[in-house]
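Engineer: Starting off with a structure, shown below.
The values are calculated or read from the model by the stated rules, or taken from the named source; none is laboratory data. Since the model is a prediction, treat every value here as computed from it, not as a measurement. Backbone-built Cβ (ideal geometry, glycine too); neighbour counts: all protein chains shown.
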Amino acid sequence: MAKYMLKRILHAAITLCVVICIVFALLRQMPIEGYFNNFDKMTEASIQVSLNKMGLNDPLPVQILHYFGQLLKGDLGVSNRYRQGYPIVKIIAQKAPISIKLGLISLAVSLAVGLPLGILMARSTRTRWKLWDKFGTVFIVIVQAVPSAVYHLLIQLYGSEILGVSMLFNDRNPMTWVLPVFSLSIGNIAYYAMWLRRYMVDESNKDYIRLARAKGVPAGKISRSHVFRNAIVPLVQYIPQSILFTLMGSLYVESLYSIPGMGGLLIQVIKLQDNTMVQALVLIYAAVSVLGLLFGDLMMALVDPRISFTGKEGAR
Amino acid sequence: MDQQQVLLSVQDLNFKFTLRGQVLHALRGISLDVYKGESLAIVGESGSGKSVFVKCLMGLNDANGCVESGKILYDGKDLAQFKSDAEWRALRGHRIAMVLQDPMTSLNPLKTIGWQIREAVELHQNLHGDAAKKAVYEILAEVGISDPQRRYNQYPHEFSGGMRQRVVIAIAMACKPEILICDEPTTALDVTIQAQILGLIKEMQKKYDLTTIYITHDLGVVANVADRIAVMYAGDIVEVGRCEEVFYDPRHPYTWALLSSLPQLGVKGEPLYSIEGTPPNLFHEVRGDAFAPRNPHALKMDFVKRPPMFTVTATHAARTWLLDPRAPKIDPPEHIRALREKGRQLGLTKGEECANG
């Protein structure tokens, strides 16, 4: 097990280094005005002086090594156009907490609603009218089929009317958090419910469930420690990714409620051609995906004893 | 035979499934007695209702099926009347346990072997903590798994197919049942392991005074383990008798056909016998003898009226009009006549001339 985990972590680290190199090398191909706020008014000489000062005239490998050194110290560099001379870490530190807070709340909500809904749906497939299953399927199909922009708008429009709160987000008024959280979690609720139901129905038709029933295990316990336990395995891999991605904020929902989060930041800095900011944000997004996959794999290995054996050892 | 104690008695059991508004008549009036301590084998081709029948005994059929009429008498109760899960749970495992066909899929892949056996021990032997663990070690050793302490903490994927089937048997034994149902216990195993597993089940039967019901379509297994045989066709038992009676003196044309298709009876150089046609569609009502359309010896009567069970001996009965005194004399196929002759010589069956002999 430990060996498997170490191997996975090593793979992830290598992937991350390669990604950093590629992003760095690509951004060096961008026009150099992206490093200056007032490029048009600068003389050729002063541009060269600044470039030398920033180390941008060094050979590429030297620059990359330098950048890795910076990263190890937790320094992402400074912004040049978005907020000139301001450390990028500080810019992110101001915006991230709100996205993280909303992301975590909405994730908790989607797990707390999505998983029970999936269980109810799966269990109701064995009943006569399958009411929960039908209700849940309608909900899932609507959420999956209707473009999210449409229901986000509807939620904002009618939700604010029903709750009697402002359409816009206000950090100090918790009531205004309700609608964005709802908007952020509704997709995940449908996702978790759909897959959990599907895996649970799959599992409950398996032979070992029949054997457990033949053993005389009560239905509730079969559902919990046999069906659910096995059905959650494939979902576990997805959960870390979705945690990390909700932390990155949602562009659409954040702009809809004008939440000062991470959501639109990347697009904003791309428009501004702020090279160092783009570089830093792309790196963060890449790191988040790599970490999400890594944690997904590690959690799978924790919940499924077969995983760490899938190497050369195999089953006897 | 008749002084033997009837343990479980099924009387005229009808079982139906509802599938997308259509009704499938899976069991059509089955009657069968199971005697205490015997090994009964239920044979028949796929879809003949063998599995549905034994699942009825444990209430394990899917929710879209229900007992329409008939009785399953066991231990003073009529299982056909059972509705709730709680009623069945008093019986499942505790009185009747089951070994499933495929050991590769019948264990939970995420739980250790020990956990899965222990679950049964805790439910049925009312042991907990270290006592339960000790009981699991004992059972593991009993079914021939060495080094139980280490094996306890291993997962199913660390066991081979034969070893897993031993674990499944261990789970059944942990329940301390009275009846053990083996649903094709060796079909998924290779031949060398088959004999071991059958031997193990026999050993357990002797040790715990079990009554076993085998489901199989492997007549080799039947000959190896069974005291009595019930032949099923299209949701009905067409012939039932002691092992040697059914093998050496079969009376139903379906049993003839089944035995004729045994490769062991084939003549070298000639193609193997196979039964023409397919079993009837049980979504439709079956008229007369269900086997009649595939039966080259079918009588006119077979298409009109369903034959009753005719008694051949006290232990042997078959559901065919051929046994009616009015029926014309029809010679069974050559293979069967040879078998009958052999049985007579071996003194396994009585040499009496019968209505259709």
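Residues checked against (1) within 8 Å of another protein chain (Cβ to nearest Cβ); (2) of a type in the set (A, V, I, L, M, F, W, C); (3) in contact with a helix residue (DSSP H, G or I) (Cβ under 7 Å, 6 or more places away or on another chain):
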| position | (1), (2), (3) |
| --- | --- |
| B:61 | no, no, yes |
| B:67 | no, yes, yes |
| B:70 | no, no, yes |
| B:94 | yes, no, yes |
| B:99 | no, yes, yes |
| B:102 | yes, no, yes |
| B:110 | yes, yes, yes |
| B:114 | no, no, yes |
| B:119 | yes, no, yes |
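Engineer: Can you name the residue in segment B:1-30 that is in a strand (DSSP E or B) and of a type in the set (Gly, Ala, Ser) and is also nearest to residue B:183 (Cα to Cα) among such residues?
Structural biologist: For segment B:1-30, the residue satisfying everything is B:26.
Engineer: Give all pairs with beta carbons closer than 6 Å in which a residue from segment A:23-52 that is under 20 Å from residue A:279 (Cα atoms) meets a residue that is loosely packed, with under 15 Cβ neighbours inside 10 Å and not basic (Lys, Arg); count only pairs at least 6 apart in sequence or on separate chains.
Structural biologist: These pairs meet every condition: A:37/A:84; A:51/A:57.
Engineer: Output the number of residues of segment A:196-227 satisfying the condition of being out of contact with any helix residue (DSSP H, G or I) (no Cβ under 9 Å at 6 or more places or on another chain) and polar (S, T, N, Q).
Structural biologist: 1
Engineer: Identify the residue in segment B:178-216 that is outside any strand (DSSP E or B) and among the acidic types (Asp, Glu) and, among all such residues, is nearest to residue B:144 (Cα to Cα).
Structural biologist: As a first pass, look at segment B:178-216 and keep what is outside any strand (DSSP E or B): B:178, B:184-210.
With the extra rule that they be among the acidic types (Asp, Glu), the set shrinks to B:178, B:184, B:190, B:203, B:209.
Details: B:178: 21, B:184: 20, B:190: 18, B:203: 11, B:209: 19 Å.
By that ranking, first place goes to B:203.
Engineer: Which of the numbered conditions does residue A:11 fail, given that it passes all the others? Conditions: (1) modelled with pLDDT under 90; (2) farther than 22 Å from residue A:280 by Cβ.
Structural biologist: (1)
Engineer: Then there's this: May I ask you to list the residues in segment A:159-190 that are small (Gly, Ala, Ser) and either in a helix (DSSP H, G or I) or modelled with pLDDT of 90 or more (or both)?
Structural biologist: Selection gives A:159, A:160, A:183, A:185, A:187, A:190.
Engineer: Kindly evaluate residue A:55 against the criterion of being of a type outside the set (Ser, Thr, Tyr), on the phi > 0 side of the Ramachandran plot and crowded, with 17+ Cβ neighbours inside 10 Å.
Structural biologist: So residue A:55 fails the test.
Engineer: Do any helices (runs of 4 or more DSSP H) lying entirely in segment A:191-308 carry at least 1 residues that are among the acidic types (Asp, Glu), and which ones are they?
Structural biologist: Ranges flagged: A:207-215, A:251-256, A:275-303.
Engineer: Within the bounds of segment B:279-289, is there any residue that is in a loop (DSSP other than H, G, I, E, B), of a type in the set (Asp, Glu) and in contact (Cβ under 8 Å) with a residue 40 or more places away in the chain?
Structural biologist: yes
Engineer: Would you mention how many residues in segment B:162-187 are under 17 Å from residue B:117 (Cα atoms) and of a type outside the set (A, V, I, L, M, F, W, C)?
Structural biologist: The total comes to 6.
Engineer: Does residue B:33 meet the test of being in a strand (DSSP E or B), within 19 Å of the chain's Cα centre (by Cα), acidic (Asp, Glu) and within 30 Å of residue B:257 (Cβ to Cβ)?
Structural biologist: Here the answer is yes, as residue B:33 does meet what is asked.
Engineer: I would also like to ask the following. Would it be correct to say that residue A:136 is buried (at least 17 other Cβ atoms within 10 Å of the Cβ) and either more than 14 Å from every other protein chain (Cβ to nearest Cβ) or of a type outside the set (Asp, Glu) (or both)?
Structural biologist: yes
Engineer: So is residue B:304 more than 16 Å from residue B:247 (Cβ to Cβ), modelled with pLDDT of 85 or more and either exposed (fewer than 12 other Cβ atoms within 10 Å of the Cβ) or among the β-branched types (Val, Ile, Thr) (or both) or not?
Structural biologist: The answer is yes for residue B:304.
Here is a yes/no grid of residues against (1) within 24 Å of residue B:234 (Cα to Cα); (2) among the hydrophobic types (A, V, I, L, M, F, W, C); (3) touching a Lys or Arg at 6+ places or on another chain (Cβ under 7 Å); (4) surrounded by fewer than 18 Cβ atoms within 10 Å (Cβ to Cβ):
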site: B:5; (1), (2), (3), (4): no, no, yes, yes
site: B:23; (1), (2), (3), (4): yes, yes, yes, yes
site: B:43; (1), (2), (3), (4): yes, yes, no, no
site: B:58; (1), (2), (3), (4): yes, yes, yes, no
site: B:96; (1), (2), (3), (4): no, yes, no, no
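Engineer: Okay, moving on. What number of residues in segment B:68-81 are surrounded by fewer than 18 Cβ atoms within 10 Å (Cβ to Cβ) and either more than 21 Å from the chain's Cα centre (by Cα) or among the small types (Gly, Ala, Ser) (or both)?
Structural biologist: 5
Engineer: Then there is this: Failed condition for residue A:93, given (1) in a helix (DSSP H, G or I); (2) surrounded by 14 or more Cβ atoms within 10 Å (Cβ to Cβ); (3) not β-branched (Val, Ile, Thr), with all others met?
Structural biologist: So the condition that residue A:93 fails would be (2).
Engineer: Could you look through segment A:119-133, keep only residues that are surrounded by 14 or more Cβ atoms within 10 Å (Cβ to Cβ) and away from chain B (no Cβ under 14 Å), and pick out the one that is farthest from residue A:221 (Cα to Cα)?
Structural biologist: Top of the filtered list is A:132.
Engineer: Quick test for you: out of B:130, B:147, pick the one residue that is more than 9 Å from every other protein chain (Cβ to nearest Cβ), on the phi > 0 side of the Ramachandran plot and of a type outside the set (Val, Ile, Thr).
Structural biologist: Checking each option against the conditions leaves just B:147.
Engineer: Still on this structure, please answer the following. Using the structure shown, decide if residue B:88 is aromatic (Phe, Trp, Tyr), assigned to a helix (DSSP H, G or I), in contact (Cβ under 8 Å) with a residue 12 or more places away in the chain and within 12 Å of chain A (Cβ to nearest Cβ).
Structural biologist: yes
Engineer: Would you mind telling me which numbered condition in (1) closer than 30 Å to residue B:84 by Cβ; (2) outside any helix (DSSP H, G or I) residue A:121 fails?
Structural biologist: So the condition that residue A:121 fails would be (2).
Engineer: For residues that are basic (Lys, Arg) and more than 8 Å from chain B (Cβ to nearest Cβ), tally how many sit in segment A:196-210.
Structural biologist: Number satisfying all stated conditions: 2.
Engineer: I would also like to ask the following. When the residues of segment B:72-85 are filtered to those that are outside any strand (DSSP E or B) and in contact with a helix residue (DSSP H, G or I) (Cβ under 9 Å, 6 or more places away or on another chain), which remaining residue is nearest to the other protein chains (Cβ to nearest Cβ)? So that I can check it myself, show each step before the final result.
Structural biologist: Going through segment B:72-85, the residues outside any strand (DSSP E or B) turn out to be B:75-76, B:79-85.
Those left that are additionally in contact with a helix residue (DSSP H, G or I) (Cβ under 9 Å, 6 or more places away or on another chain): B:79-82, B:85.
Numbers: B:79: 14, B:80: 18, B:81: 19, B:82: 13, B:85: 5 Å.
Here the residue is B:85.
Engineer: Ok, one more. I need a count of the residues in segment A:124-157 that are farther than 30 Å from residue A:225 by Cβ, in a helix (DSSP H, G or I), out of contact with any Phe, Trp or Tyr (no Cβ under 9 Å at 6 or more places or on another chain) and hydrophobic (A, V, I, L, M, F, W, C).
Structural biologist: Total meeting the criteria: 7.
Engineer: Here's another thing I want to ask about it. I need a count of the residues in segment A:211-225 that are within 7 Å of another protein chain (Cβ to nearest Cβ) and basic (Lys, Arg).
Structural biologist: Going through segment A:211-225 one residue at a time, the tally reaches 2.
Engineer: Please name all residue pairs, on different chains or six or more residues apart, with Cβ atoms under 9 Å, provided the first residue is in segment B:155-174 and is closer than 26 Å to residue A:301 by Cα and facing another protein chain (nearest Cβ under 9 Å) and the second residue is assigned to a helix (DSSP H, G or I) and polar (S, T, N, Q).
Structural biologist: Final answer for the pair search is B:156/B:116.
Engineer: Would you call residue B:346 surrounded by 15 or more Cβ atoms within 10 Å (Cβ to Cβ) and in contact (Cβ under 8 Å) with a residue 24 or more places away in the chain?
Structural biologist: No.
Engineer: Name the pairs: first residue in segment A:268-286 and surrounded by 20 or more Cβ atoms within 10 Å (Cβ to Cβ) and modelled with pLDDT under 85, second residue part of a helix (DSSP H, G or I) and of a type outside the set (A, V, I, L, M), Cβ to Cβ under 6 Å, at least 6 apart or on different chains?
Structural biologist: Nothing qualifies.
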